[in-house]
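Please read the structure below before turning to the comments.
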């Protein structure tokens, strides 16, 4: 993924828009989304540019919150 996409916040904005659309339609949006390792890393890189995220904690715990809306968690390997 190019740096331009990260700096524009496309992935983060898509997740936040999904949550807001579900709320507006009267549904409960997800509070947590589990993603694969590669997607987690892409979302974290993007979110670090856009939000005040403790990146060290996110890397160690493999989870972080986007704009205090949804927690992104790396799927556990089975």
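The protection proxy used here, the mean number of other Cβ atoms lying within 10 Å of each residue, ranks peptides 48-60, 64-76 as follows, highest first: 64-76, 48-60. Dividing the Cα radius of gyration of the chain by its Kirkwood radius returns 0.97 for Rg/Rh.
Values quoted throughout were computed directly from the atomic coordinates according to the rules given, and no laboratory measurement underlies them. In this text, all values refer to a predicted model and were calculated from it rather than measured experimentally. Counting neighbours? That spans all protein chains shown, and the Cβs are built from the backbone with ideal geometry, glycine included.
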